[in-house]
Structure formats: C-alpha cells, structure tokens
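Trainee: Just passing along the structure, written as structure tokens.
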Amino acid sequence: PSTARRGADGALEIGGRSVGEILADAPTPVFVLDEADLRGRAATWAAAMAEEFWPGYDMNGGEAYYAGKAFLTTRVARTVLSEGLGIDTASAGELAVGVAALAAVDGEAATAHATRLGLHGNGKTRAEIRTALAHRVGHLVLDSAEEIDLAAAAVRELRESGTFGPEETGSVMLRLTTGIHAGGHEFISTAHEDQKFGISVATGAALDAARAVVTAPELTLHGLHSHIGSQIFDLAGFREAVGVVLRLRHQIAEATGVLCQEVDLGGGYGIAYTGADPVAPSPAEVARALAEAVRSLCAELGDAVPHVSVEPGRSIAGPAMVTLYTVTGLKRVELGEGAARLYVSVDGGMSDNIRPALYDAAYTALVANRRPDPASGLVRARVVGKHCESGDVVVRDVDLPADLAVGDVLAVPATGAYGRSMASNYNLFTRPGVAWVEAGRQGWVLRPETIADLLALEGD
Ligand code: LLP
C-alpha cells in the first residue's frame with residue numbers, strides 16, 4: 001500500500017501506525033486495509049474514465065464500477081461510491097451491500113434509481129433479477145436466454161405490484177462471449193468459447209438474444225458487456241474485445257434498429273504481487289487505450305460512440321491490503337547438494353488466502369516487526385499455513401532473513417482482492433478480521449470471526 005514504510009525502529013508502518021500498534025488492537029492473522037490507498041486507487045480510476053471519455057465532440061462519457069467480488073463491505077462500498085465509482089455486484093448479498101452503501105452516500109431515494117449499481121453472474125435467480133430491476137440498477141447484465149425470460153417475467157410482476165409503471169421496461173445488458181482468451185490462469189479466463197459465461201457472438205446466439213430483448217415488450221436493450229479474464233497486463237485483448245463488441249453492436253442496430261447506448265468492457269487489469277510481475281498499466285493508460293479503440297472503430301463503422309464503462313476489482317482493492325501473520329515455527333529441510341529450504345509456519349494459511357493453492361498464485365513476504373539484520377544473510381524459504389494439507393502454502397518461494405525467529409511478524413502484500421472475500425472456515429478456522437488504518441487511526445472493516453460465530457450457525 002502507498003502509505004507503507006519502515007519506521008525509525010525498522011518496523012513496518014501503514015497508515016501512520018506501526019505494526020506493533022496495529023497488532024495491539026488486532027491479533028494476527030489480520031488483513032490491514034490502507035484506506036488512503038484504497039481511496040486513491042478508486043479516485044484514479046474515476047478520473048481516468050472521466051477524462052478519456054469526456055463527453056465532448058467524440059466521446060459519450062465513461063465510468064468505472066468497482067467489482068465488489070474482489071472485497072466488499074458497506075464501508076468499502078461507501079468509500080468507492082464517494083470517490084465517484086459505481087459498484088458491480090455478483091450476488092444478492094453483494095447487491096444488498098451496494099444498496100445499503102448507496103443509501104448512506106446518495107440518500108435512500110437513490111436506491112430506487114440505482115444507476116451506479118450493477119448485477120452480474122450466470123444462473124441468476126428470478127428473485128435476484130427482480131430485486132435488481134426493482135432498484136433500477138444501471139447494469140443488469142443478463143448471461144443467457146433463460147435470464148432474458150426471467151427478466152421479462154420479473155418486469156410483469158413489478159408492473160402488477162405497482163413498483164413499475166404499467167409501461168415501464170427493465171433496462172438490461174447482455175454478457176457476450178467474445179472468444180478472446182486472456183488472463184492469468186485458466187480458472188480466471190472467462191471469454192473463450194468453451195466455458196460457462198455469456199452468450200456467444202460467434203454462433204449468432206448473441207444476435208438472437210439481442211433480438212429477443214428488443215422484441216420483448218417488458219425490456220429495453222441498454223448495452224453490451226464483455227469481461228475477458230483477470231490479472232491481465234497486455235491491453236491487446238481489451239482492444240480485441242472492443243472490436244468484437246462494437247461490431248456486434250453495429251449488427252444488432254442493422255437487424256433491430258436499436259444502437260446500444262452503453263458498452264461495458266469488464267475488469268481484469270493486472271497488479272504486481274511480487275517483484276517478478278510486470279508493471280501494470282495505469283488506469284489512465286487503460287482508459288486511453290480503450291478510448292482510442294472505441295473512437296477509431298466507431299468512426300470506421302459510422303456509429304455513434306457509446307457510453308463506456310469498466311469494472312476493475314483487483315486493481316483497486318488488491319494493493320490496498322496486506323496480511324500480517326505471526327511466525328509459529330521454523331523447519332529446515334535439506335534438499336541435497338548443500339541446498340536447503342526453510343519452512344516457515346504462520347498462524348493462517350489457505351483459509352485466509354486460497355489463491356496459491358487454487359491458482360498457483362505467487363506472493364512475497366517480508367519481516368514486518370523489525371528491521372532484519374543485513375549481516376545475517378538470506379535463506380530460501382517457503383511460508384506455509386496451519387491447515388492439514390501440504391498444498392497449504394502462503395508464499396511458495398521467498399528469500400527471508402536468516403535470523404528469522406518464532407514470534408516475528410510477516411507481512412504479505414497485495415492480499416486485498418480475492419483474499420478475505422474468498423476466505424473459508426476450513427478446519428473450522430475463524431476468518432480473520434480486516435482492520436482499516438489511516439493517519440494514525442485504526443478500526444475494523446470486518447471484525448475477526450469468533451468460534452461463537454461458527455457455533456451460532458449450527459442446528460440441532
Ligand atoms: N467484471 C466481471 C464480470 C468479472 O467477472 C470480474 C472478475 C471482474 C469484473 C473483476 O475482475 P478484476 O478486475 O478483479 O480482475 N478469484 C480470482 C479472480 C476471479 C475474477 C472473476 N471475475 C482470483 O483470485 O484471481
């Protein structure tokens with residue numbers, strides 16, 4: 001995070017608080033959110049989209065929706081809304097958090113016209129779709145032909161109940177499968193043909209779906225959506241996606257007379273987890289590349305420029321948090337020919353960060369409670385958790401100071417996205433808290449779970 005530095009005593013400091021101060025109020029393992037950093041990243045995305053898509057003579061406005069799946073609480077949602085972002089949600093739970101935060105930031109009345117919220121996901125239920133429609137979310141992104149029928153049925157219900165006027169339509173977008181293969185790992189690459197998301201452009205299903213929406217008296221086709229994958233550094237895939245989406249938009253207009261107002265190009269902008277990762281493109285670079293692609297293709301097609309949105313998650317929340325762990329054990333394993341590996345056990349593991357086990361994701365770690373003695377040298381280390389699985393790895397390969405001792409605190413950077421949000425209770429671990437720090441102050445974004453919380457869920 002941007003406020004992280006070594007204090008005079010050599011201990012790590014975040015948000016003006018030393019690790020010792022942070023841990024006095026928050027036991028390890030704990031996620032620490034640098035609020036100023038989060039706010040800054042949100043503001044940077046908002047500014048980049050506003051500037052590059054400024055609705056002047058050749059652009060039609062643009063904005064960023066924070067992808068709440070990366071990490072969402074009402075506090076986080078309030079922060080990003082206050083910085084001018086919308087929020088993209090992927091479930092009834094995320095949507096409820098988005099609605100609560102919108103009420104806090106923009107007032108209760110805004111929740112009936114929640115243009116700054118979106119709802120995504122394949123396999124949405126009729127109830128989820130109806131809730132999103134009742135809030136008139138700006139981006140209700142339908143993922144299949146079945147969801148088009150569910151949305152039409154939900155609008156009929158809302159008209160009957162009086163929530164909608166008798167002629168009012170539900171504004172929807174369609175999630176396209178663009179055929180583009182991009183992303184850091186097969187599990188997070190989402191737009192090639194052979195996977196579950198979206199409606200295929202190549203087979204003609206997307207054009208059929210657009211016809212179905214346009215002809216449904218209950219629905220309005222607001223826009224098209226593409227998300228090609230996650231942890232992507234190369235902007236070429238996004239440019240390619242712009243081409244597929246805008247060409248389909250043109251085709252839909254020819255076939256139905258409706259030129260979609262908005263194009264949502266999804267998230268997926270990569271971040272550096274370790275020094276070996278490439279440098280991520282800045283929001284301004286992303287926005288400029290997208291704007292240029294949109295501008296030139298619309299000119300070529302002779303189409304009016306759409307409103308353009310993006311949905312960054314990882315690049316906003318990821319670098320804003322670190323996880324602090326306490327070292328609980330050290331074991332040296334000889335690898336032969338003089339080589340050795342130090343297994344460093346910590347008091348967390350795959351229940352607070354599943355990404356190494358799930359995606360083979362690389363992280364790094366540093367000693368956080370003191371300045372390591374440079375004279376002690378480095379050892380090849382593997383940081384491991386306390387779950388009963390050998391795949392329970394926190395950091396697969398990292399050089400740590402040879403004077404590392406039990407009781408030292410390790411910081412693992414860039415755990416803000418898909419860390420706490422994918423945490424589990426495996427082995428009946430309680431999920432760690434998330435502490436916010438800023439300008440020397442500290443509080444809880446999420447308090448740590450307790451064993452009583454776990455027992456409270458049990459039936460007879
Ligand atoms: N929009 C849609 C429709 C998405 O499916 C996603 C992520 C995003 C936006 C945000 O993508 P981001 O900017 O955060 O890359 N659990 C995985 C990542 C799964 C991402 C799923 N969709 C991980 O830990 O790497």
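Trainee: I'd like the FRET efficiency for Asp360 and Val279, computed as 1/(1 + (r/R0)^6) with the beta carbon distance as r and R0 of 22 Å, rounded to 0.05.
Mentor: With R0 = 22 Å, the Cβ-Cβ based efficiency is 0.55.
Trainee: Evaluate the distance, in nm, between pseudo-label points positioned 7 Å from the Cα of Ser424 and of Asp9 along their respective Cα→Cβ axes.
Mentor: For Ser424 paired with Asp9, the spin-label model returns 3.8 nm.
Trainee: Something else about it: Using modelled backbone amide H atoms (1.01 Å from N, in-plane), which distant-in-sequence or interchain residues come within less than 5 Å of Thr220's amide H?
Mentor: Under 5 Å from the amide H of Thr220 lie the amide H atoms of Gly170, Ser171, Val172, each far enough along the sequence or on another chain.
Trainee: Output the 0 to 90 degree angle, nearest 10, between the alpha-carbon long axis of helix 283-301 and the longest principal axis computed from the alpha carbons of the chain.
Mentor: The answer is roughly 20 degrees.
Trainee: With the cut-off at 1.5 for a/c, could you classify the range 107-168 from its C-alpha gyration tensor as rounded, prolate or oblate?
Mentor: Oblate shape, in that a/c is at least 1.5 and b/c is the bigger or equal ratio.
Trainee: Given H placed 1.01 Å from N in the peptide plane, which residues other than close sequence neighbours of Leu142 have an amide H under 5 Å from its amide H?
Mentor: Sorted by chain and number, the residues that satisfy this are Met173, Leu174, Arg175.
Trainee: Only counting other Cβ atoms within 10 Å, I'd like Leu119, Leu246 sorted with the fewest neighbours first.
Mentor: Starting with the residue having the fewest Cβ neighbours, the order is Leu246, Leu119.
Trainee: Through the Karplus equation 6.51 cos²θ - 1.76 cosθ + 1.60, θ set to phi - 60°, convert the phi angles of the range 210-217 into ³J(HN,Hα) values in whole Hz; use x for Gly and Pro.
Mentor: With the stated coefficients, the range 210-217 comes to 4, 4, 4, 5, 5, 7, 6, x Hz.
Trainee: To the nearest Å, what is the center-to-center distance of the range 1-70 and the range 225-295, using C-alpha atoms only?
Mentor: Each part's Cα centre sits 23 Å from the other's.
Trainee: Ok, one more. Within 10 Å of each residue's Cβ, count the other Cβ atoms and sort Ser2, Ser171 from fewest upward.
Mentor: With the sparsest Cβ surroundings first, the list reads Ser2, Ser171.
Trainee: Moving on to the next point. On a straight-distance basis, which lysines could pair with Lys196 in a cross-link, Cα separation under 19 angstrom, same-chain partners fewer than 8 positions away excluded?
Mentor: Result set, ordered by chain and number: Lys69, Lys124.
Trainee: Another question, then. Counting other C-beta atoms within 10 Å, and keeping those with at most 15, which DSSP coil chymotrypsin sites (Phe, Trp or Tyr not before Pro) do you find in the range 237-286?
Mentor: Within the range 237-286, no chymotrypsin sites (Phe, Trp or Tyr not before Pro) qualify (loop, at most 15 other Cβ atoms within 10 Å).
Trainee: Figure the gain on full extension for Phe197 and Ser376 (residue separation times 0.36 nm, minus the Cα-Cα span) and round it to one decimal in nm.
Mentor: Going from the current span to full extension adds 59.3 nm.
Trainee: Then there is this: So which GluC sites (Glu not before Pro) in the range 290-370 end up in coil per DSSP with only 15 or fewer other C-beta atoms within 10 Å?
Mentor: Glu337
Trainee: How big is the antiparallel share of DSSP beta bridges in the chain, given as a percent to the nearest 5?
Mentor: Percentage antiparallel, nearest 5: 50.
Trainee: Just to verify a number: FRET efficiency for Ala100 and Glu337, C-beta to C-beta distance, R0 = 56 Å, to 0.05?
Mentor: Between Ala100 and Glu337 the formula returns 0.45.
Trainee: Right, another one. Can you pull the three principal axis extents for the Cα set of the chain, in Å, largest first?
Mentor: For the chain, the Cα spread along each principal axis is 72, 52, 39 Å.
Trainee: Using amide H atoms built 1.01 Å from N in the peptide plane, name the residues 5+ places from Tyr418, or on other chains, whose amide H lies under 5 Å from its own.
Mentor: Phe71
Trainee: Provide the per-residue ³J(HN,Hα) series for the range 423-434, in order, calculated from phi with Karplus coefficients 6.51, -1.76, 1.60 and θ = phi - 60°, each as a whole number of Hz, with x at glycine and proline positions.
Mentor: Working through the residues one at a time gives 5, 10, 9, 3, 6, 6, 6, 7, 6, x, x, 10 Hz.
Trainee: Convert each backbone phi in the range 14-29 into a coupling constant with the Karplus relation 6.51 cos²θ - 1.76 cosθ + 1.60 (shift: θ = phi - 60°), then list the ³J(HN,Hα) values in order as whole Hz, x for Gly and Pro.
Mentor: Values per residue, Gly and Pro as x: 10, x, x, 10, 6, 4, x, 5, 4, 6, 5, 9, 8, x, 6, x Hz.
Trainee: Work out, step by step, the length gained on full extension between Glu157 and Asp460: first 0.36 nm times the residue separation, then minus their alpha carbon distance; give nm to one decimal.
Mentor: Once the chain is fully extended between Glu157 and Asp460, it gains 105.3 nm.
Trainee: Okay, helix-only estimate at 222 nm for the chain: each DSSP H run of n ≥ 4 adds -39500 (n - 2.57), divide by all residues, round to 500 deg cm²/dmol; what do you get?
Mentor: -9500 deg cm²/dmol
Trainee: Which value in nm describes the separation of the simple spin-label points at Arg211 and Ala127, placed 7 Å from the Cα toward the beta carbon?
Mentor: The answer from the label model is 3.5 nm.
Trainee: Kindly put Lys386, Lys196 in sequence by how many other C-beta atoms sit within 10 Å of each C-beta, fewest to most.
Mentor: Going from least to most buried by this count: Lys196, Lys386.
Trainee: Next up: Determine the gain in length on full extension of the stretch Leu259-Ala92; use 0.36 nm per residue of separation and subtract their C-alpha separation, reporting nm with one decimal.
Mentor: So the chain would gain 57.1 nm between Leu259 and Ala92.
Trainee: Once you place label points 7 Å from the Cα toward the Cβ at Ala452 and Ala112, how far apart are they in nm?
Mentor: 4.1
Trainee: Among all the lysines, which ones have a C-alpha under 26 Å from Lys331's C-alpha, if same-chain residues fewer than 8 places away are not counted?
Mentor: Lys386
Trainee: Which one, Ala320, Gly407, Pro217, is farthest towards the positive end of the dipole of the chain when Lys and Arg carry +1 and Asp and Glu -1 on their Cβ?
Mentor: Ranked along the dipole, the leading option is Gly407.
Bear in mind that the values in this text are calculations on the coordinates, not laboratory data. Predicted, not measured: the structure shown is a model, and the values here were computed from it. We place every Cβ from the backbone using ideal geometry, glycine too, and count neighbours over all the protein chains shown.
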